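The values are calculated or read from the model by the stated rules, or taken from the named source; none is laboratory data. All values reported here derive from a predicted model rather than from experimental measurement. Positions of Cβ are backbone-derived with ideal geometry, glycine not excepted, and every protein chain shown enters the neighbour counts. Accessible surface areas use protein heavy atoms only, side chains included; no ligands, DNA or RNA. Shrake-Rupley method; radii C 1.70, N 1.55, O 1.52, S 1.80 Å.
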Amino acid sequence: MEKFIVANWKMNKGSLEDLPFLESVAQINVGPTVTAIIAPPYTLLQAAQKALESTPFHLGAQDCSTQGNGAHTGDVSAYMLKMCGCTSVIVGHSERRQNHNETSEIVRKKAEISGENGLIPIICVGETAEEYQAKKTFDIIDQQIEFSSPRKDFPFLIAYEPVWAIGTGKVPSLEEINHVHETIKKSFKNPKKVLYGGSVNPENAKEILSLPSVDGLLIGGASLEAEKLKNIIDAASCL
Ligand code: PGA
């Protein structure tokens, strides 16, 4: 079964000192049914492109500008990412939504401009701890999907990342993950791939990936250790 494994390095491993780590990642075997994507910080994209070019790994970015080019200090455009060798870009990660006040409308613009530039956006959605406790998970996700999805007919992936599960070691039950993923899939007319993210590690990866509604994983912390990333990719390759 085809599975996506996306390594989101966040603001880690972004300098040339991290090239040995990148090289150890490049050695990992990736099974033919797995699409493995490494999303390093912008500052390592060009080096990562070189290190990964003759491997099965794809290159992704962690964010992009809503704008095409011009006077947008500090922004990086989807076109630039494409030119660095990226094939996908994470948009609407909860750390962007929370720390940079990104609304779903902004996320949608990023997803659309990524699609226009031939990148596959990985659109993140997920409820906070308060929303989870108030049993608002489905309402929140429904809204985020409605307003964050591109209006045009571009391919894109959805990543369900409960905010309370990111970096906390807490993970929803398999039933909860399955229920949310099935509901997300039903909200689209065409079949849609949905990845899970939030405290994935080598111990829980296999059981989460075995859920038929889970098309892959978005991994933060565990992707910063080559051995852990390898074990997760192995688990995906065996399915
Ligand atoms: P985590 O992060 O695996 O460290 O919980 C996941 C993410 O934020 O994408």
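Residue-level check: of (1) open to solvent by 20 Å² or more (accessible area, probe 1.4 Å); (2) without any contact (Cβ under 8 Å) to a residue 40 or more places away in the chain; (3) farther than 26 Å from Phe147 by Cα; (4) not in a loop (DSSP other than H, G, I, E, B), Met80 misses just (3).
Checking every residue in region 149-164 against the condition of being surrounded by fewer than 16 Cβ atoms within 10 Å (Cβ to Cβ) and either within 11 Å of the ligand (Cβ to nearest atom) or closer than 27 Å to Asn99 by Cβ (or both) gives at least one match. Could you tell me which residue of region 92-107 is nearest to the ligand (Cβ to nearest atom), considering only residues that are open to solvent by 50 Å² or more (accessible area, probe 1.4 Å) and part of a helix (DSSP H, G or I)? So the residue we want is Glu95.
So, in region 215-226, of the ones that are closer than 26 Å to Ser187 by Cβ and buried (at least 24 other Cβ atoms within 10 Å of the Cβ), which residue ends up farthest from the ligand (Cβ to nearest atom)?
Start the filter on region 215-226 by keeping residues that are closer than 26 Å to Ser187 by Cβ, which leaves 215-220.
After this cut, where a residue has to be buried (at least 24 other Cβ atoms within 10 Å of the Cβ) as well, the list is 216-219.
Values: Gly216: 12, Leu217: 9, Leu218: 5, Ile219: 5 Å.
Selected residue: Gly216.
Checked against (1) on the phi > 0 side of the Ramachandran plot; (2) loosely packed, with under 15 Cβ neighbours inside 10 Å, Gly126 passes all but condition (2). The conditions are (1) away from the ligand (no atom under 12 Å from the Cβ); (2) touching a residue at least 24 places away in the same chain (Cβ under 8 Å); (3) hydroxyl-bearing (Ser, Thr, Tyr), and Tyr196 fails exactly one of them. Which is it? Answer for Tyr196: the failing condition is (1).
For Lys185, the requirement of being within 22 Å of Ser114 (Cβ to Cβ), basic (Lys, Arg), within 19 Å of the chain's Cα centre (by Cα) and open to solvent by 50 Å² or more (accessible area, probe 1.4 Å) is met.
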